[in-house]
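The structure appears right after this line, and notes come after that.
Computed from the coordinates by the stated procedures, all read-outs in this text should not be read as laboratory data. Only a predicted model underlies this, so the values are computations on that prediction, with no experimental measurement involved. Using ideal geometry, Cβ is built from the backbone for each residue, glycine included, and neighbour counts are taken over all protein chains shown.
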Amino acid sequence: MWRGRRGLLRPSGCGVEELRCRRREREAALRKARREQQLVSKRLLRDEATEEAEGGRVVVILGEAQIQEFLRLAQRGIEEKERERALVSLRRGLQHPETQQTFIRLEGSIRTLVGLLTSNQALLQLEAARCLHELSHSEQSAVAEACLPATSYLLTYLSGHSSDFIELCLYTLGNLIVESEAVRRQLLPQGIVPALAACIQSPHLTVLEALGYALSQLLQAKEAPEKIIPLVLGSTLPQHILQLLQPGPKLNLGVAVEFAWCLHYIICSQVNNALLITQGALTTLGLLLLDLAAAVQRTEDAGLELLVCPVVRCLSNLLTEAAAETVGGPMHLQDERVLAALFILLQFFLHKQPSLLPEGLWLLNNLTANSPSFCTSLISLDLIEPLLHLLSVSNVVSVLVLTVLCNVAEKGPAYCQHLWPGLLLPTLLDTLALSDTEVVGQSVELLQLLFLYQPGAAQAFLQQSGLQALQRHEEVAQLQDRVHALQQTALHG
Amino acid sequence: MQLPPALHARLAGAPGAAAPLPVQRDSLAGNAPFRFAARQVRFPREHEFFEDGDVQRHLYLQDVITQVAAEPERPRVPEFTCQVAGCCQAFDALEDYEHHYHTLHGNVCSYCKRAFPSGHLLDTHIQEWHDSLFQILAERQDMYQCLVEGCTEKFRTSRDRKQHLVAHHLYPADFRFDKPRKAQQAWERAGALVQHPSPSVPCGCALTL
């Protein structure tokens with residue numbers, strides 16, 4: 001059912017350690033970029049196989065004269081093969097930043113390229129599009145923005161029929177979209193949203209993945225909540241996106257990843273989530289979560305976390321909408337299998353990507369906070385103990401686990417009864433030995449609830465040297481009041 | 001993290017929710033100095049809570065280089081030629097042929113043989129260039145529709161439409177798929193004049209030149 005997405009290609013001759021080091025560097029750069037709100041990534045589509053056939057990956061820097069010659073041949077060559085070859089040579093040269101710079105400074109170069117892009121010669125068109133694609137991928141704004149005269153054509157070609165060509169146009173547009181707000185200010189009036197809405201009906205998976213990518217870039221823009229998301233929500237795109245996320249034999253991982261991220265950017269911008277809920281987003285995402293939990297058990301497929309992450313985020317944020325709260329209504333998510341799925345995915349995160357545990361636990365909080373039903377399921381499905389085991393992972397995770405336990409405990413004696421005795425007390429005493437204020441604070445909150453609702457809890461706490469465990473926090477500013485109050489309750493009831 | 005064995009079976013089982021245990025709160029719970037209140041949390045897009053997941057997403061975007069040749073849908077086949085009359089282009093891959101066909105032979109105007117990138121543009125072209133009824137209607141109402149999908153504006157003349165495309169949709173003034181048809185008009189009218197059987201038949205075209 002899960003069709004594998006296309007594989008990662010590693011540059012040959014790179015040691016594993018070097019790769020890891022590079023990845024760490026890139027990760028650090030991305031974190032920095034995100035904190036500066038400059039998180040932008042472009043995607044490069046290159047036909048590796050053709051390149052190998054063409055004689056390896058040596059990239060040639062072309063000079064002005066050479067570029068001019070290739071353009072002349074491409075435009076006016078007599079033999080079609082000759083014209084094609086000229087463009088291929090140009091394209092290979094354009095893989096190098098220096099050639100790119102020379103190219104854009106040459107008068108008429110883009111105009112010629114656009115002319116070739118709109119010619120009736122299919123192979124010339126394709127090569128011209130590939131040249132534009134190389135330019136669009138540049139990190140130099142001047143180079144990428146040089147592609148602007150071509151955008152109306154790229155959009156027009158989205159309603160064409162050649163899937164390869166459309167795919168290329170989409171990735172190129174996706175790269176241009178992230179370039180700057182100026183580019184988007186051109187693409188929006190040129191009709192990019194209706195063009196994408198028409199194109200999303202394509203049956204080709206490669207086209208859909210490319211479209212999802214381009215759309216995700218558009219939705220990630222800074223001005224998206226005000227200028228772009230309303231347009232998208234007003235189009236037929238949301239319905240198609242939800243359809244493409246339906247679990248089943250037709251679900252493709254690469255495609256689903258892109259559209260799940262699209263949905264995340266829309267939802268977390270909080271423009272009109274009620275609309276998405278009426279279109280069945282909660283149901284679709286809930287079923288998808290179940291499907292993903294089943295999938296992680298079956299396969300070692302690298303990459304499932306790329307889809308789980310946005311699905312978890314979408315669900316979690318949607319649950320906070322008023323429209324989701326109508327208990328018993330058709331939109332209400334009330335299937336305890338969701339809880340089962342979530343725990344299976346938490347386990348998956350623990351092994352594969354521990355940094356995503358907080359997000360999974362955030363969803364768990366939103367499921368349980370206002371839901372006696374889900375809190376009961378947590379108990380009846382024996383999930384309290386597995387939850388306790390997560391307490392040793394990190395402070396952030398611990399705070400979230402304790403919050404979920406508080407969600408259960410605050411519902412009263414019938415719930416606390418099932419939290420007690422078991423591992424809870426020894427575990428809480430352990431957390432009190434930590435120094436993180438938030439973790440200790442949340443432990444203290446949980447203890448207060450237990451003392452209130454569970455007879456014998458305070459006594460057991462005293463017997464296990466609970467008071468001593470509390471002592472070390474008596475002077476901590478954020479904890480003092482609560483620690484003293486708890487000590488009093490334990491001693492005097 | 002050990003999960004109870006029955007969990008996997010539950011996942012595969014029927015939808016449903018547990019009958020909730022009775023809720024019974026004490027007014028002392030959450031009272032100062034304690035502050036816990038069960039509540040859902042939402043995070044906006046730029047929140048640092050999303051940092052890790054966002055970074056993973058972008059690492060993925062930067063990493064993946066597609067291997068086009070690995071696609072099972074693209075077999076090389078024995079060379080064949082395009083079957084359209086007058087075209088002798090040869091191919092050894094179906095994808096290349098598909099692109100060629102759609103570019104050169106798909107969406108082709110049967111009157112003047114011009115090829116268009118989409119059915120929409122072809123339809124517009126046929127209407128505006130080869131439909132005499134269109135010309136008649138255009139004298140009295142706005143018939144030239146905007147070329148951008150999703151825009152429902154209509155205009156009196158093709159020049160007005162071009163102006164709209166440029167000013168409103170930021171299209172290039174020399175957009176290739178919106179050529180004016182002045183030369184064509186003159187030619188067609190010349191042709192129509194010659195075909196008229198009798199001079200007494202009212203001939204709108206001659207008069208409107």
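Simple rule: put +1 on each Lys or Arg Cβ and -1 on each Asp or Glu Cβ in the protein assembly as shown, find the dipole, and look at A:I344, B:L28, A:L158; the Cα lying farthest toward the positive end is A:L158.
In terms of the mean number of neighbouring beta-carbon atoms within 10 Å, the peptides A:344-350, A:151-157 order highest first as A:151-157, A:344-350. The charge dipole of segment B:119-183, taken about its Cα centre with unit charges on the Cβ atoms of Lys, Arg (+1), Asp and Glu (-1) only, comes to about 260 debye. Ordered from longest to shortest, the equivalent ellipsoid semi-axes for chain A are 55, 24, 19 Å, each the square root of 5 times a Cα gyration tensor eigenvalue. The loop-placed GluC sites (Glu not before Pro) in segment A:402-493, going by DSSP, that have at most 10 neighbouring Cβ atoms within 10 Å of their Cβ come out as A:E475. What's the FRET efficiency of A:R85 with A:Q239 using the Cβ-Cβ distance as r and R₀ = 60 Å, to the nearest 0.05? After rounding to 0.05, the efficiency reads 0.85. Residues A:L188, A:L87, ranked from the fewest to the most other C-beta atoms within 10 Å, line up as A:L188, A:L87.
Dividing the summed -39500 (n - 2.57) terms of all DSSP H runs of n ≥ 4 by the residue count of the protein assembly as shown sets its mean residue ellipticity at 222 nm at -17000 deg cm²/dmol. For A:G303, the amide hydrogen comes within under 5 Å of no other amide hydrogen, counting only partners 5 or more places away or on other chains and with H modelled in the peptide plane. Name the residue farthest towards the positive end of the dipole of chain A from the options A:H133, A:I267, A:L231, assuming +1 on Cβ of Lys and Arg, -1 on Cβ of Asp and Glu, about the Cα centre. Positive-end residue among those listed: A:H133. Given axes a ≥ b ≥ c from the Cα gyration tensor, I'd like to know whether segment B:1-58 is rounded (a/c under 1.5), prolate (a/b larger than b/c) or oblate. In terms of gyration-tensor shape, oblate.
The distance linking segment B:89-124 with segment A:458-489 is 79 Å (Cα centroid to Cα centroid, whole angstrom).
Counting Cβ atoms of other protein chains within 10 Å of each Cβ in B:89-98 and taking the mean gives 2. Rounded to whole numbers, the Karplus 3J(HN,Hα) couplings from phi for segment A:174-179 are x, 5, 5, 4, 7, 4 Hz, using 6.51 cos²θ - 1.76 cosθ + 1.60 with θ = phi - 60°, and x at Gly and Pro. Sorted ascending by nearby beta carbons within 10 Å, beginning with the fewest, B:F43, A:F451 become B:F43, A:F451. I need the shape label for segment A:64-186. Rule: rounded when a/c is under 1.5, else prolate if a/b > b/c, else oblate, with a, b, c from the alpha carbon gyration tensor. Oblate is the answer for segment A:64-186, as a/c is 1.5 or above yet b/c matches or exceeds a/b.
Here segment A:62-203 is treated with +1 on each Lys and Arg Cβ and -1 on each Asp and Glu Cβ, and its dipole about the Cα centre works out to around 200 debye.
Dipole orientation for chain A: of the candidates A:S394, A:L287, A:A198, A:A198 has the Cα lying most toward the positive pole (charges on Cβ; Lys, Arg +1; Asp, Glu -1).
Per residue of A:119-127, other chain Cβ atoms within 10 Å of the residue Cβ number 5 on average.
Sequentially through segment B:131-139, phi angles give Karplus couplings (6.51, -1.76, 1.60; θ = phi - 60°) of 10, 5, 4, 4, 4, 5, 4, 5, 6 Hz, Gly and Pro residues having no value and appearing as x. In this structure, the amide hydrogen of B:A93, modeled 1.01 Å from its nitrogen in the peptide plane, lies closer than 5 angstrom to those of B:V77, counting only residues at least 5 positions away or on a different chain.
Using a simple spin-label model with points 7 Å from Cα along the Cα→Cβ vector, what separation in nm is obtained for A:Q417 and A:T278? Taking the two extended label points, one gets 4.3 nm.
Label point of B:R181 set 7 angstrom out along Cα-Cβ; within segment B:92-134, amide nitrogens under 16 Å from it belong to B:108-116, B:120-134. Protection proxy ranking of A:128-134, A:381-387, A:62-68, B:134-140, by the mean of other Cβ atoms within 10 Å over each peptide's residues and highest first, is A:128-134, A:381-387, A:62-68, B:134-140. Note on B:E46 and A:L491: their simple-model spin labels are 4.9 nm apart, each label 7 Å out from Cα toward Cβ. Counting only other chain Cβ atoms within 10 Å of each residue's Cβ, the peptide A:146-158 averages 4. For the listed peptides A:110-118, B:25-33, A:477-485, A:160-168, a ranking on the average number of other beta carbons within 10 Å per residue, highest first, reads A:160-168, A:110-118, A:477-485, B:25-33.
Can you give the direction-averaged projected area of the convex hull of the alpha-carbon atoms in segment B:119-183, in nm²? Mean orientational projected area (segment B:119-183, Cα hull): 4.4 nm². In this simple spin-label approximation, A:Q140 and B:L94 carry label points 7 Å from Cα along the Cα→Cβ vector, and these lie 4.2 nm apart.
When +1 charges are put on Lys and Arg Cβ atoms and -1 charges on Asp and Glu Cβ atoms, the dipole computed for the protein assembly as shown relative to its Cα centre reaches about 1060 debye.
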